[in-house]
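The values are calculated or read from the model by the stated rules, or taken from the named source; none is laboratory data. Owing to the predicted nature of the structure, the values given are computational and were not obtained by experimental measurement. Cβ atoms come from the backbone with ideal geometry, glycine included; neighbour counts cover every protein chain shown. Just the protein is used for accessible areas: all its heavy atoms, side chains included, with ligands, DNA and RNA removed. Shrake-Rupley method; radii C 1.70, N 1.55, O 1.52, S 1.80 Å.
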Amino acid sequence: MTDMLYDNPGLKFKNQDCIGESVWQSPSNIALVKYWGKKGFQIPSNPSISFSLSKSFTETRLSFQPAKGKDFNVKFSFNNNPQPDFEKKIISYFKSLTKIFPFIEQLDFDIQSKNTFPHSAGIASSASGMSALALTLCDIEQHCFNKQTRLDDFFQKASFIARLGSGSASRSVYGGWVAWGAIEGMESTSDLYGVPIKNYIHSDFLNYQDSILLVETGTKTVSSRIGHDLMNSNPFAKVRFSQAGQNAKRLVEVLKSGDIDEFIRITESEALSLHAMMMTSQPSFILIKPQTINIIDKIKAYRKETGVPVSFTLDAGPNVHLLYPKSVKDLVKEFINTDLMPHLSENGFIDDEIGAGPRKLI
Ligand code: DP6
């Protein structure tokens, strides 16, 4: 199976045949068991589990044509604005892929990308961005070599390619609940690519909601590259990796059984452990803000008082992801409006939920 991922068509296509465009929308995702720490080249130190979002996605249009010069060329614009700095990153990403996709060296690329969510929202744009790009690249391979890959294989390869650009992007090529990284006892899982969690999922978890409460936007967070690196010298890293491994295993069971109390226990502990790792790294990072803590306190108090199963998770930033089953949406809306709004920035919140995964437009 793994061999297939490195497989390339070998033969060079006739240049003139390889011209066209591919357009994909691919979602961001929110991790419930967090990936924080990696080894080797984009191999996670522990498994992670996320769900893909519905409204928060990147749309990427990749046009390609035979290369005019000796080296391939990449133009990249975001919201119609050229991004020379990001272009360099994409060129080095593409260079790293030439063993898998030799055709890259024979083409010129024009990439236009846009997000449905504001850049400053603290939503992981590398997950949606890199997964959308990986999907368009896998599409070129189909187009230029007339490949008829099975859909499962197509997405597995896209996940593998996305992972090489950004780890969390490996989970965004699928909708619903996705695991990346080998989970004990789950043979289908792999460090090399994400896999959709296909076994029975309890109905409460099929339509889970994520209201992203924007505490502070536009603040600089720690780059994930630096954050992951710092885990190499974090004194708690070993325990953390083993805790995450156990939590991933347990969460898969919980998604099946529908045990929301256990879901809340695992996922809130994951969020706080992620930030604990940042706080105990050298140098340390404190990304949560006073309002993050106020909101967490309110969520816990509201849950205790009302029994409504709302919980929180955090990404690498101060914003709070408020999680709950769809059945309590009206109650939670009221809770947000009356209790949480005063703690949010002027941008309020983004009302998102589990989504169906990427979509090919062209
Ligand atoms: C906190 O996927 O952004 O969002 O592989 O270096 O691109 P790179 O890291 P990235 O890390 C995401 C970290 C996280 C948790 C998660 O999504 O699992």
Computed over region 207-294, protein heavy atoms only, probe 1.4 angstrom, the accessible area per residue in square angstrom equals 47
At the level of C-alpha centres, the distance separating region 142-170 and region 186-205, in angstrom, is 18
The chain: spread of alpha-carbon positions along the three principal axes, whole Å, largest first, is 68, 44, 42
Mind checking region 152-223 for trypsin sites (Lys or Arg not before Pro) that DSSP puts in a loop (not H, G, I, E or B) and that have at most 11 other Cβ atoms within 10 Å? K198, K220
Separation of region 85-121 and region 231-277 by C-alpha centroid, Å? 32
If you fit an axis through the alpha-carbon atoms of helix 237-257 and take the longest principal axis of the Cα set of the chain, what angle between them do you get, 0 to 90°, nearest 10? 80
Name every cysteine in the chain that ends up alone, with no second cysteine's Cβ under 4.7 Å, or say none. C138
How much net charge surrounds R61 when only the other residues with a Cβ under 10 Å from the Cβ of R61 are counted, with Lys and Arg +1 and Asp and Glu -1? -2
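Give, as a single signed number, the net charge of other residues whose beta carbon lies under 13 Å from the beta carbon of I266, with Lys and Arg counted +1 and Asp and Glu -1.
So the environment of I266 carries a net charge of -2.
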Global size of region 144-187 as Cα Rg and Dmax, reported in angstrom: 12.0, 39
The set of residues whose placed amide H lies less than 5 Å from the amide H of N319, leaving out same-chain residues fewer than 5 positions away, is V215, E216
Among K39/K238; K249/K304; K68/K88; K34/K238; K300/K326, which pairs are too far apart, with a Cα-Cα distance over 21 Å? K249/K304
Whole-number percent relative contact order across the chain, with pairs defined as alpha carbons under 8 Å at least 6 apart: 24
Carbon/sulfur fraction of accessible area - region 81-152, other protein chains in place, 1.4 Å, %: 52
Rounded to the nearest 10 degrees, what's the angle between the helix 125-145 long axis and the longest principal axis of the chain, both from Cα atoms, 0 to 90? 30
Once neighbouring chains are kept in place and the probe is 1.4 Å, which whole percent of the accessible area of region 273-362 is contributed by carbon and sulfur? 54
Put +1 on the Cβ of every Lys and Arg and -1 on every Asp and Glu Cβ in the chain; which of S96, S281, G348 then has its Cα farthest towards the positive end of the dipole? S96
May I ask you to order 124-133, 51-60, 99-108 by the average number of other C-beta atoms within 10 Å around their residues, highest value first? 124-133, 51-60, 99-108
List the chymotrypsin sites (Phe, Trp or Tyr not before Pro) within region 189-281 that DSSP assigns to loop and that have no more than 13 neighbouring Cβ atoms inside 10 Å. Y200
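What is the Å³ per residue value for the convex hull set by the Cα atoms of region 106-186?
Numbers: hull volume 10.3 nm³, N = 81.
Normalising the Cα hull of region 106-186 by residue number yields 128 Å³.
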Semi-axes of region 52-137's equivalent ellipsoid from the Cα gyration tensor, sqrt of 5 times each eigenvalue, largest first, rounded to whole Å? 24, 13, 11
